[in-house]
Amino acid sequence: MTDTVERVDRLENALMKLAYAQFNTEMEIQELSKEMSAFKNEMARFKEEVRRDQRAMNKRWGEISNKMGTIVEDIIYPSVRGIAREHFGAPEEMEFEGQRIKRRRAAGDRREFDGVFVWEGHVLLLEAKATVRPEYLAAFDEFVRTGAFFHYFPEYAGRRLIPVFSALALTETEVAWLTERRLYAVAMGEDAMELLNAEAVERP
C-alpha cells in the first residue's frame, strides 16, 4: 500500500512538473509571438521609411538630371547658332529661332524641341543631350527619317531639314553612326563646340 501511495505521489509530482513546464512554454511562445509581431511592425515601418527616402532621392536625382540637361542645352544652343551661320549660310537675323520649343501636332501629342533655327529654304533641328545613349541616337534618326518634324511644323514643309545631334562629348563610334545616317554631329573640340562630320555627311 505504501509503495502504491509513493508511486501516485511521484506521478502527481511528475504531472505537476509537466504542467508547469507546459505553462512556461506557452508563456514563452506568447512572449515570442508578441516580440515577432513587434519586429514585423518595426520592419514594416523601416521599409516604408526606405521607400519614402528612395522616392525622395529619385525625385532629387531627376531634378538634378533635368537641370544638367538644360545647362548642356544652354551651352550648345549658341554654338549651333554660330555653326548655322558659318557653315550653312544662315543670316545674322533668322526668320525664326527658338530654344526648348513645345509643339503639338494634329494627332494631339506634344514634343519639346531643344533648338530650331529657320531661314530661307532651311530649317536646322537641334537635338542636345547631356549624356548619349544608343536609344537617343536611334530615336533622333527615326524622327528625322520619317519626316515627323514637319507634322509639328507644317509651315516649314518643303524646306531643307538640317538635323544636328549634339552633346558635350561624342565617341568616334557615335560620330560614325550619325555620319552613316546623314546626321550632323556637334561636340566639344579643343576650345569650342565643333561640327565634326560635315565633310563626310555632305560627300556625294
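Every number in this text was worked out from the coordinates using simple rules, so none of it is lab data. Keep in mind that this is a model prediction, so the values were computed, not measured. When we count neighbours, we look across all protein chains shown, and the Cβ atoms used for this are built from the backbone with ideal geometry, even at glycine.
From most to least packed by mean Cβ count within 10 Å, the peptides 91-100, 70-79 give 70-79, 91-100. With neighbours defined as other Cβ atoms within 10 Å of a residue's Cβ, the residues Leu161, Leu126 order from fewest to most as Leu161, Leu126.
The convex hull defined by the C-alpha atoms of the stretch 66-202 has an orientation-averaged projected area of 8.2 nm².
Applying both filters, DSSP loop and at most 13 other Cβ atoms within 10 Å, to the GluC sites (Glu not before Pro) of the stretch 141-196 gives Glu190.
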